[in-house]
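The values are calculated or read from the model by the stated rules, or taken from the named source; none is laboratory data. Values in this document were obtained by computation on a predicted structure and should not be read as measured data. Please note: Cβ atoms are built from the backbone with ideal geometry, for glycine as well, and neighbour counts cover all protein chains shown.
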Amino acid sequence: MLLSAFESSRSERIPCVCCGSLKFTPVHLREDKTLVVHCEECHLKFVNPLPTVAAMQENYQKEMTGNEAESGLHSRYILERQARIKSFSKLYNSRLSLIESLYSGKGNLLDIGCGAGFFLNCAKERGWNCHGLEILPEYIKFAQENFALENLRLESLDESLSYDANTFDVITLWDLIEHLRNPLDCLKRIHHVMKPGGLLVMWTPNVKNAVFLKENWIGYETLQHFYFFSRDSLNQMLEKAGFKIVHLETNKARKGLLNQKGFNAYNDSAKPNNIMEKFLRSAKRDFKNTLNPLTYIGPLFDMAGYGFNLYIIASKQGD
Ligand SMILES: [Zn+2]
């Protein structure tokens with residue numbers, strides 16, 4: 001199945017976006033019949049050939065907005081952040097503290113794929129001059145109405161990045177680079193609008209987390225994801241675009257090390273009704289975690305570079 005799909009897609013395959021090679025081995029045939037391949041030259045894993053832009057946009061709209069109000073990922077994403085505002089704010093503040101420890105001064109920050117503006121709102125409160133790029137108008141509207149964020153543009157990084165050269169001190173891409181059609185071109189666009197020495201901050205699934213599950217890794221399942229980076233493949237691409245890594249870590253290894261489905265899905269109806277229920281539920285969770293060996297070995301895999309997420313900060317080198 002995998003091999004025959006791989007053979008029959010030969011004529012539509014594009015050269016590797018990072019190194020230009022046409023030598024691939026098949027990795028995984030996904031439920032929408034797209035193929036994940038491995039570049040034999042530079043070891044980048046990505047979907048090749050890519051589905052058409054029209055097909056992806058249709059899927060995305062359907063998935064994000066659903067058919068009625070309150071349905072679709074778009075509303076759930078906002079509801080989740082509103083319900084867990086404290087833990088998200090803690091997460092965003094810790095990300096910003098790390099960025100601020102690596103960069104002096106708070107200047108222009110651009111969040112590409114800024115969603116409904118929750119991260120930018122935190123950055124604004126800490127004194128950053130915030131800009132955002134987003135392809136879903138519903139998110140932009142929410143961010144403008146709820147956080148009074150002004151500098152938001154409805155624009156796709158895949159097509160353009162319409163800012164002047166040397167504008168930004170920091171550019172963030174949270175869970176974004178894996179969605180792009182040509183990440184190398186996009187990184188070059190980012191390089192152009194960033195100030196020399198500015199920081200590019202990225203968070204993306206780490207394909208090394210597939211170490212045990214191989215082609216059954218949960219990270220391959222998201223059909224909107226086209227690129228599956230490791231530290232090395234992302235580093236090669238960053239170097240080609242003119243960036244040098246200054247911080248790297250991997251985290252949350254247990255998410256994809258053994259589990260295949262349904263990790264940590266947010267479910268609004270599962271919210272505890274009172275303090276007692278909340279207490280019992282968290283006690284049950286703690287007990288389950290105590291018995292789960294991944295609780296203890298997960299952090300070791302994180303440190304060894306096998307975490308589910310790659311968290312990379314790179315600085316802009318000369319043109
Ligand atoms: Zn390659």
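Could you please give the count of residues in the stretch 1-19 that are within 15 Å of the ligand (Cβ to nearest atom), without any contact (Cβ under 8 Å) to a residue 60 or more places away in the chain and not basic (Lys, Arg)?
Number of matching residues: 3.
Conditions (1) crowded, with 17+ Cβ neighbours inside 10 Å; (2) at pLDDT 90 or above; (3) charged (D, E, K, R); (4) outside any loop (DSSP other than H, G, I, E, B), marked per residue:
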| position | (1), (2), (3), (4) |
| --- | --- |
| 233 | yes, yes, no, yes |
| 237 | yes, yes, no, yes |
| 240 | no, yes, yes, yes |
| 245 | no, yes, no, yes |
| 249 | no, yes, yes, yes |
| 255 | yes, no, yes, yes |
| 259 | no, no, no, no |
| 287 | no, no, no, yes |
| 296 | no, no, no, yes |
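Give the residues of the stretch 20-46 that are within 14 Å of the ligand (Cβ to nearest atom), of a type in the set (A, V, I, L, M, F, W, C) and crowded, with 19+ Cβ neighbours inside 10 Å, sorted by residue number.
24, 27, 36, 37, 39, 44, 46, listed by residue number.
Would you confirm whether or not the stretch 50-66 contains a residue that is within 10 Å of the ligand (Cβ to nearest atom), of a type in the set (Asp, Glu) and surrounded by 12 or more Cβ atoms within 10 Å (Cβ to Cβ)?
No, the stretch 50-66 has no match at all.
Quick one: would you say residue 77 is in contact with a Cys (Cβ under 8 Å, 6 or more places away or on another chain), under 30 Å from residue 137 (Cβ atoms) and crowded, with 16+ Cβ neighbours inside 10 Å?
Judged against the criteria, residue 77 is not a match.
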